[in-house]
Amino acid sequence: MFSRLKKKPKKLQVYAKKLIPGLSQLFGKRPDLYLPGGEWPTYYNRAKGIEVWGIDNKKYLDFTMVGIGTSTLGYSDPDINKAAIKSINSSTMNTLNPPEDVELAELLIKLHPWANNVRYARTGGETMSVAIRLARAYTRRDKILFCGYHGWHDWYLSANLKSSKALNQHLLKGLAPLGVPKGLRGTVIPFKFNSFDELETIVKKNAKRCAAIVLEPCRETLPDIKYLKKLRKISTKYKCVLIFDEITSGWRINLGGVHMKLGVYPDLAIFGKTIANGIPMGAIIGKKKIMQFAEKTFLSSAFWTEKTGPACAVKFIKKYKKLKLHNLLIKRGKQIKSIWKNAAKNSNLDIEIKGIDPLATFRLNTKTDWPITITYFIQEMLKKNILASDRCYANYRHSDDKLRKYEKACFEVFRKISYLDAKNEIKKHLKGPIKTMDFGRLN
């Protein structure tokens, strides 16, 4: 069957759903989050820079999160590819360990002088779970205070055992804790980002009983420095581990973790996603007194010892430093925000733009419900061979000529939105169902 459908996007998508529950292994790549009903390309043949060829060989420009935020140098970067191929040709896995582990550790510690030790995994979620285990082992406590999105593992989803809405303000709504042991109820405690009130009423109140305070140091906005310093102070006072999840925020506005730019240092920091430009890699860096518990609690996995991940991470860091990539990502992010702002102004649309420059998002305040409006935007941009959504992560390969194409398309589609919204007819022009906005609706 696959051989007959491998160049037919819609039919392959239908067939895939029969074989693979959820279709994609990543929630953020499910086609229903873009265009339900089979219109989204879903599968790719190849990709280079920010150009993606579907299985039917149609070419698209990627102005979404670009590989869910993994590939800031663009897809199939020649230097990353060269490092990957070299590691494969020299054996990515065998009885011994890759020396790149040591080189990468040295680089990470040099960039983050507060840290003494490094451990590795290969995905963001499991890397976070390693950090939680280390914090619990070090403190001999179970409970975790957290803010932000930190993956799919039981420790995190257990927040919704106590309240089904506990995680609603932490990126994804409607995350069902089905299958998560009920014994974990009450072991994780959420708090709001940048809320000084909740520092007192939630964080400070519970810290002495918690193993860790976990947060993303930034996503949609940078924190108030006083807020971050107070978190650091509370963590130190109550001897709980301060963990910064830099899986999304790292390597965007500076070389390494954004906390280095903010000047507030955690006890552990977590990296994933773009640290190897799309090659599976995750790292935990931290203070020796905590990291040494990696030898006292059991943490072990065969593919944490493969060679390609650390080899590509080393190459990525060196290339990032040479290019001063953060300067370009900030510049491109500002350009993307400007495109949205000007396109909205040109069409008399009210727009909200959020996010640090390399991680920008927008929302049009139309009379039409936002899920309908954004579905139409994605649909019309796709007609112009542009993969788009309500967010765009700045990329090295978002060149001026490609930005001009994106700008032209945004201006045209925003004008259509303005015209149809005034007539209350956007929904009538959808070619399929309204996109899914959260996990709950999808299930």
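Checking each residue in the range 393-443 for being touching a residue at least 12 places away in the same chain (Cβ under 8 Å), over 15 Å from residue 33 (Cβ atoms) and of a type in the set (Asp, Glu) picks out 407, 412, 421. Can we say residue 270 is touching an Asp or Glu at 6+ places or on another chain (Cβ under 7 Å), part of a helix (DSSP H, G or I) and hydrophobic (A, V, I, L, M, F, W, C)? Here the answer is no, as residue 270 does not meet what is asked.
Residue-level analysis places residue 303 outside the set of residues that are of a type in the set (A, V, I, L, M, F, W, C), in a helix (DSSP H, G or I), touching a residue at least 60 places away in the same chain (Cβ under 8 Å) and crowded, with 23+ Cβ neighbours inside 10 Å.
Reported count of residues in the range 137-154, each being of a type in the set (Asp, Glu), part of a loop (DSSP other than H, G, I, E, B) and either modelled with pLDDT under 95 or farther than 14 Å from residue 212 by Cβ (or both), is 0.
Only residues that are β-branched (Val, Ile, Thr) and touching a strand residue (DSSP E or B) at 6+ places or on another chain (Cβ under 9 Å) were counted across the range 69-94, and they come to 1. Taking residue 281 as the residue in question, decide whether it is out of contact with any Leu (no Cβ under 6 Å at 6 or more places or on another chain) and surrounded by fewer than 24 Cβ atoms within 10 Å (Cβ to Cβ). Considered against the rule, which asks whether it is out of contact with any Leu (no Cβ under 6 Å at 6 or more places or on another chain) and surrounded by fewer than 24 Cβ atoms within 10 Å (Cβ to Cβ), residue 281 comes out as no.
Put simply, of 79, 62, 56 the only residue that is among the acidic types (Asp, Glu), surrounded by fewer than 16 Cβ atoms within 10 Å (Cβ to Cβ) and under 20 Å from residue 9 (Cβ atoms) is 56.
When residue 4 is tested against (1) surrounded by fewer than 16 Cβ atoms within 10 Å (Cβ to Cβ); (2) touching a helix residue (DSSP H, G or I) at 6+ places or on another chain (Cβ under 9 Å); (3) in contact (Cβ under 8 Å) with a residue 12 or more places away in the chain, exactly one condition is not met: (3). Set side by side, the residues 319, 384, 315, 341 differ, and just one is modelled with pLDDT of 95 or more, touching a helix residue (DSSP H, G or I) at 6+ places or on another chain (Cβ under 6 Å) and closer than 30 Å to residue 436 by Cβ, which is 384. Quick one: would you say residue 127 is out of contact with any helix residue (DSSP H, G or I) (no Cβ under 8 Å at 6 or more places or on another chain), farther than 19 Å from residue 177 by Cβ and buried (at least 21 other Cβ atoms within 10 Å of the Cβ)? So residue 127 fits the description; yes.
Restricting the first member to the range 245-256 and to residues that are buried (at least 24 other Cβ atoms within 10 Å of the Cβ), and the second to residues that are at pLDDT 95 or above and aromatic (Phe, Trp, Tyr), the beta-carbon pairs closer than 6 Å and six or more apart or on different chains are 246/271; 250/271.
Taking the range 309-363 as the range and being surrounded by 14 or more Cβ atoms within 10 Å (Cβ to Cβ), over 21 Å from the mean Cα position of the chain (by Cα) and outside any helix (DSSP H, G or I) as the test, the residues that pass are 347, 349, 351. Taken together, 157, 134 contain a single residue that is modelled with pLDDT of 95 or more and of a type outside the set (S, T, N, Q), which is 134. Of the strands (runs of 3 or more DSSP E) contained entirely in the range 155-254, not one carries at least 3 residues that are within 20 Å of residue 272 (Cα to Cα) and not assigned by TED's automatic domain parsing to the domain that holds residue 272. Considered as a group, the residues in the range 56-80 that are acidic (Asp, Glu) and touching a residue at least 60 places away in the same chain (Cβ under 8 Å) include one that is nearest to residue 29 (Cα to Cα), and that residue is 62.
The values are calculated or read from the model by the stated rules, or taken from the named source; none is laboratory data. Note that the coordinates shown come from a computational prediction; the quantities given were computed from them, not determined experimentally. Heads up, the Cβs are rebuilt from the backbone with ideal geometry, glycines too, and the neighbour counts pull from every protein chain shown.
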